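Trainee: Below are the C-alpha cells for one structure; questions will follow.
The values are calculated or read from the model by the stated rules, or taken from the named source; none is laboratory data. Only a predicted model underlies this, so the values are computations on that prediction, with no experimental measurement involved. A quick note on method: Cβ atoms are made from the backbone with ideal geometry, for glycine too, and the neighbour counts reach across all protein chains shown. In case anyone asks, the SASA skips ligands and DNA or RNA and just uses the protein heavy atoms, side chains included. Shrake-Rupley method; radii C 1.70, N 1.55, O 1.52, S 1.80 Å.
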Amino acid sequence: MEGLLFNVNNGYLEGIVRGYRNGLLTGANYTNMTQCENIDDLKLQLGPAYGDFLAALPPNPSTSSLAAKTTEKLVSEFRYVRANAVGSLAKFMDYLTYGYMIDNVALLITGTLHERDTRELLDRCHPLGWFETMPVLCVATNIEELYNSVLIETPLAPYFKGSLIHQDLDELNIEIVRNTLYKNYLEDFYRFVNSHPDMAGTPTSEVMSELLEFEADRRAINITLNSFGTELSKADRKKLYPSFGSLYPEGTLMLSRADDFEGVRLAVEGVADYKSFFEAAGLGGGPGGPGNMAGGTGSDGRSLEDMFYQKEMEIAKGTFTRQFTYAIVYSWVKLREQEIRNITWIAECIAQNQKERIGNYISVF
Amino acid sequence: MSGAGDREPVFPTRQSLGLMKAKLKGAETGHNLLKRKSEALTNPNTVPEITRRIDEAKRKMGRVMQIASLSLAEVTYAVGGNIGYQIQESAKSARFRVRAKQENVSGVLLPAFEAYQTEGNNDFAMTGLGKGGQQVQRCRETYARAVEALVELASLQTAFVILDEVIKVVNRRVNAIEHVIIPRTENTIKYINSELDELDREEFYRLKKVANKKQRDTAAADAEMKKKNAEREANGEKHKAPEVDDSTPADILQAEGDEDIIF
C-alpha cells in the first residue's frame, strides 16, 4: 500500500540516495587505501569518489583538511537532496539535522559561558547543523539572552522547554545539557517517525525505529560507562537515558544502578547483541584499562565503541534492502559519516606511520 | 727582554716586583683550582651521563608522542568531530604542574624540573559522555605521559646547556691563566729583574767613575802640594807657612763642595 504513492513525491530522491550509496567506498577500496605510502597516494585512491572536492587540496594535505573536504562532499549532497525534498521527507531530513544542531548550540553555549566571541565559533559549527538564524545566537552576550533566543529562533525549542531552564545552562555541565537535549531529540524523532501519518506503519517507521532504538541504547550504555568516576550522580544519569529502545525500561533501570563495567554488562544481558559485544569487550580488558602503553585498545581486541559502530553500519546497510522508505537517507548519512571517519583514520595512520592498526576501520560493503 | 707587549705596564721598581711575585703566586693557585674544577665537571659522572640520559629521554619522547598522537586520532575517530574547542573551554585549572628546584653539581647550580599531577582536578571528565568519553580520557592519560617525558627532557637539556656553558667558561679561564696571565707575569718579573740589574750595574759603574775621579783629584792635589812644599823649601820662607795653612782649609771646603755637585 505504502508503495503506491511513494514515488510520486519521493521516487527521484530515493533513486538519488541509492546512487549515492553505490558511491560509497567498498572493502576493496579500503584495502587499496591501506596500502598507500603517503597522503598523496591516498588522495589518488579517493579520486574516483571524491575527485572534485579533493582537487583544491595542496599536495600532502593534513588529515584534518582531508576530513573537512570529505565532509564538504557529504554536506553538498545532503543539501541537494534536502532542496529537492518535499512534504514529510523534508521534515524527516530536518529532523536529521537537529542532532548536529544540538552540537552547534552546545558549542555556542560553551562560547557564551566563557565570554568568547561566538562569531568565531560559527566556522567551527557542523555545516549539517547550520540553520538560518544561527548567527542571531551570537548576538546574545549572556546566557539568559542566549536561552531566550534559542527558544525563539531554533527548532530545538521543544527540547529545551520541557527540561532545561536558563539557570541550568549556567550551572550544569555542558555535557549534561547536550545529552539532555539529545535524549529529548531522540525521543521526539522516535515519536515523529511512529506517529506521522505518512510514516506510521510504513517501512520507514519500522526501519527508523530499529535505528533509533539502537542509537538510544548505545547512548545509554555509553553514558553509563563514561560517567564512572565523574561527579555525575546516578539520579542525574538516569535522566539522560532515552525512554525507548530495546533496553527500556528494565535495562535502563539497571543501567542507572550500575557502578562498574560488570553492572553494565548485567544490565544489557537481556539483549543478545549487546551481550555478545560485552563478552568480546570484556575479554579485551574493557574500558577499565586506560594505563596501557599502547595508548588505546590493543590491535587484537576491538573496543565496545568499534562494535557499536559496526552494528550501526550493518543496520544502516540493511536499510537499503527495503524500498519506499525515508530511512535510507538517514542510513546514507550515517554510512557516509563512517566513511569519513574511516578515511580520516587511515590517513592518520599513514601520516603517523603507524600501520599496525590501520585495519581498524569499519567497512560493510 | 722578550716582547715588550707581553708584560704589564709597570715601573721596574722593587715594590712592583713584589706585587708581581704575589700575582704570579695567586695565578698559579687559581690555575690549579680551576683545573681541578674543570676536571670535576667533565668527569664521567656528569656530562656523559647527562648526554646518555638525554638520548634516552629523546627516544622515549619519540615513542610516547607517537602513541599520543595516535590516541588523539582515535578520539577524532570515536567522537567523529573536533572537540578541541570544547576541551579548551572546559579546562579551568592546570592538572599537570611542574615544580622547579636546584641541584648542585660541583659548584654549578642546575635547575631540575619535576612534574606532578594535582589530584581531583578533572575538568573535562564528562567530555564525550555520549560517545568517545573513554577515548578522551585515555588520550589525556597518554598525553600526560608525553608531557612528563617532555619535562624530563627539558630538565636534562637545561642542565646540559648550563653545564656546557660553565665548562667552557672554566676551560677558558684555565687556558687564559695558563697561557696569558702566567707568562705575562713571568715576563714582567723578568723585565723588572733585568731593569733592576741594569740599574745596579750603572750605579756600580758610576761609583767606580767617581772613585777614579776622586783618586785622580787627590793625586793632582798631592802633586801640587808636593810642588808647593818643594818651592817653599827652595825659597826658605818659613814665616809664610801659616799663610799656606790658612788657605788650605778653604781650598778643601771648596773641593768638597764641588764634589757634592758632581754627586
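Trainee: Please tell me if B:GLU148 is among the charged types (D, E, K, R) and touching a residue at least 24 places away in the same chain (Cβ under 8 Å).
Mentor: On the way: among the charged types (D, E, K, R): yes; touching a residue at least 24 places away in the same chain (Cβ under 8 Å): yes.
Yes; evaluated as a whole, the condition is true for this residue.
Trainee: Would you say B:ALA112 is in contact with a Ser or Thr (Cβ under 9 Å, 6 or more places away or on another chain), hydrophobic (A, V, I, L, M, F, W, C) and in a loop (DSSP other than H, G, I, E, B)?
Mentor: No, not satisfied.
Trainee: Tell me, which residue of the stretch A:32-66 that is part of a helix (DSSP H, G or I), open to solvent by 20 Å² or more (accessible area, probe 1.4 Å) and within 14 Å of chain B (Cβ to nearest Cβ) is farthest from A:ILE346 (Cα to Cα)?
Mentor: Initially, the stretch A:32-66 is screened for residues part of a helix (DSSP H, G or I), giving A:32-34, A:39-55, A:63-66.
Next, only the ones that are open to solvent by 20 Å² or more (accessible area, probe 1.4 Å) stay: A:32, A:34, A:40-41, A:43-45, A:47-49, A:51-53, A:55, A:63-65.
In the following step, the residues that additionally are within 14 Å of chain B (Cβ to nearest Cβ) were identified as A:63-65.
Values: A:THR63: 9, A:SER64: 12, A:SER65: 14 Å.
That would be A:SER65.
Trainee: Looking at A:VAL207, A:VAL177, A:VAL193, which is the one that is of a type in the set (Val, Ile, Thr), open to solvent by less than 30 Å² (accessible area, probe 1.4 Å) and within 14 Å of chain B (Cβ to nearest Cβ)?
Mentor: Checking each option against the conditions leaves just A:VAL177.
Trainee: Any idea which of (1) in a helix (DSSP H, G or I); (2) open to solvent by 60 Å² or more (accessible area, probe 1.4 Å); (3) under 20 Å from A:ILE176 (Cα atoms) is the one A:ASP273 doesn't satisfy?
Mentor: (3)
Trainee: Of everything in the stretch A:67-106 that's open to solvent by 50 Å² or more (accessible area, probe 1.4 Å) and touching a residue at least 24 places away in the same chain (Cβ under 8 Å), which residue is nearest to the other protein chains (Cβ to nearest Cβ)?
Mentor: The extreme case among them is A:ASP103.
Trainee: Which condition number in (1) more than 23 Å from the chain's Cα centre (by Cα); (2) closer than 30 Å to A:LYS73 by Cβ; (3) within 14 Å of another protein chain (Cβ to nearest Cβ) is the one that A:GLU153 fails?
Mentor: (3)
Trainee: Condition first: of a type in the set (Lys, Arg) and touching a helix residue (DSSP H, G or I) at 6+ places or on another chain (Cβ under 7 Å). Can you find one or more residues in the stretch A:179-188 that meet it?
Mentor: Within the stretch A:179-188, the subset of a type in the set (Lys, Arg) is A:183.
Checking the rest, the ones that are also touching a helix residue (DSSP H, G or I) at 6+ places or on another chain (Cβ under 7 Å) come to none.
No - not one qualifying residue is present in the stretch A:179-188.
Trainee: Also, quick follow-up: Please state which of the following conditions A:GLU187 fails to meet, knowing it meets all the rest: (1) under 26 Å from A:TYR326 (Cβ atoms); (2) of a type in the set (Asp, Glu); (3) over 24 Å from the mean Cα position of the chain (by Cα).
Mentor: (3)
Trainee: Moving to a separate point now. For the stretch A:232-245, name all the residues that are free of Cβ contacts under 8 Å to residues at least 40 places away in the same chain and surrounded by fewer than 21 Cβ atoms within 10 Å (Cβ to Cβ). Give the steps one after another, and end with the answer.
Mentor: Quick first cut of the stretch A:232-245, residues free of Cβ contacts under 8 Å to residues at least 40 places away in the same chain only: A:233-235, A:237-238, A:245.
A:SER233, A:LYS234, A:ALA235, A:LYS238, listed by residue number.
Trainee: Sticking with this one: Filter the stretch A:8-31 down to the residues that are touching a residue at least 60 places away in the same chain (Cβ under 8 Å) and over 24 Å from the mean Cα position of the chain (by Cα), then identify the one that is least open to solvent (accessible area, probe 1.4 Å).
Mentor: Among them, the one singled out is A:ASN10.
Trainee: Does A:THR112 meet the test of being surrounded by fewer than 16 Cβ atoms within 10 Å (Cβ to Cβ) and modelled with pLDDT under 85? Walk me through it before giving the result.
Mentor: On the way: surrounded by fewer than 16 Cβ atoms within 10 Å (Cβ to Cβ): no; modelled with pLDDT under 85: yes.
So A:THR112 fails the test.
Trainee: Within 14 Å of chain A (Cβ to nearest Cβ), open to solvent by less than 30 Å² (accessible area, probe 1.4 Å) and aliphatic (A, V, I, L, M): which single residue out of B:ALA57, B:ALA68 fits that description? Before the answer, list the steps.
Mentor: Values: B:ALA57 fails: within 14 Å of chain A (Cβ to nearest Cβ).
From the options B:ALA57, B:ALA68, the qualifying one is B:ALA68.
Trainee: Go through the stretch A:306-365 residue by residue and tally those that are crowded, with 20+ Cβ neighbours inside 10 Å, of a type in the set (Gly, Ala, Ser) and within 10 Å of chain B (Cβ to nearest Cβ).
Mentor: Of the residues in the stretch A:306-365, 1 are crowded, with 20+ Cβ neighbours inside 10 Å, of a type in the set (Gly, Ala, Ser) and within 10 Å of chain B (Cβ to nearest Cβ).
Trainee: Still on this structure, I have one more. Are any residues in the stretch A:155-171 open to solvent by less than 60 Å² (accessible area, probe 1.4 Å) and at pLDDT below 80, and if so, which ones? Spell out how you get there, then give the answer.
Mentor: Keep residues of the stretch A:155-171 that are open to solvent by less than 60 Å² (accessible area, probe 1.4 Å), which gives A:155-157, A:159-160, A:163-164, A:166, A:168-169.
Result: A:SER163, A:LEU164, A:HIS166, A:ASP168, A:LEU169.
Trainee: Any idea which of (1) away from chain A (no Cβ under 13 Å); (2) modelled with pLDDT of 75 or more; (3) farther than 30 Å from A:ASN226 by Cβ is the one B:GLY62 doesn't satisfy?
Mentor: It fails just one condition, (1).
Trainee: Same structure again: Picking from B:VAL174, B:VAL180, B:VAL166, B:VAL170, which residue would you name as being more than 30 Å from A:HIS126 (Cα to Cα), more than 10 Å from chain A (Cβ to nearest Cβ), in a helix (DSSP H, G or I) and out of contact with any helix residue (DSSP H, G or I) (no Cβ under 8 Å at 6 or more places or on another chain)? Even if it seems obvious, please write down each step before you answer.
Mentor: Working: B:VAL174 fails: out of contact with any helix residue (DSSP H, G or I) (no Cβ under 8 Å at 6 or more places or on another chain); B:VAL166 fails: out of contact with any helix residue (DSSP H, G or I) (no Cβ under 8 Å at 6 or more places or on another chain); B:VAL170 fails: out of contact with any helix residue (DSSP H, G or I) (no Cβ under 8 Å at 6 or more places or on another chain).
Selected residue: B:VAL180, the only one of B:VAL174, B:VAL180, B:VAL166, B:VAL170 that is more than 30 Å from A:HIS126 (Cα to Cα), more than 10 Å from chain A (Cβ to nearest Cβ), in a helix (DSSP H, G or I) and out of contact with any helix residue (DSSP H, G or I) (no Cβ under 8 Å at 6 or more places or on another chain).
Trainee: Looking only at the stretch B:121-131, decide whether some residue is in contact with a Lys or Arg (Cβ under 7 Å, 6 or more places away or on another chain), assigned to a loop (DSSP other than H, G, I, E, B), more than 9 Å from every other protein chain (Cβ to nearest Cβ) and surrounded by fewer than 21 Cβ atoms within 10 Å (Cβ to Cβ).
Mentor: Yes, the stretch B:121-131 has at least one match.
Trainee: Next up: Consider A:GLY229 against the criteria (1) out of contact with any Leu (no Cβ under 9 Å at 6 or more places or on another chain); (2) assigned to a helix (DSSP H, G or I): it satisfies all of them except one. Which criterion is unmet?
Mentor: Checking A:GLY229 against (1) out of contact with any Leu (no Cβ under 9 Å at 6 or more places or on another chain); (2) assigned to a helix (DSSP H, G or I), the one that fails is (2).
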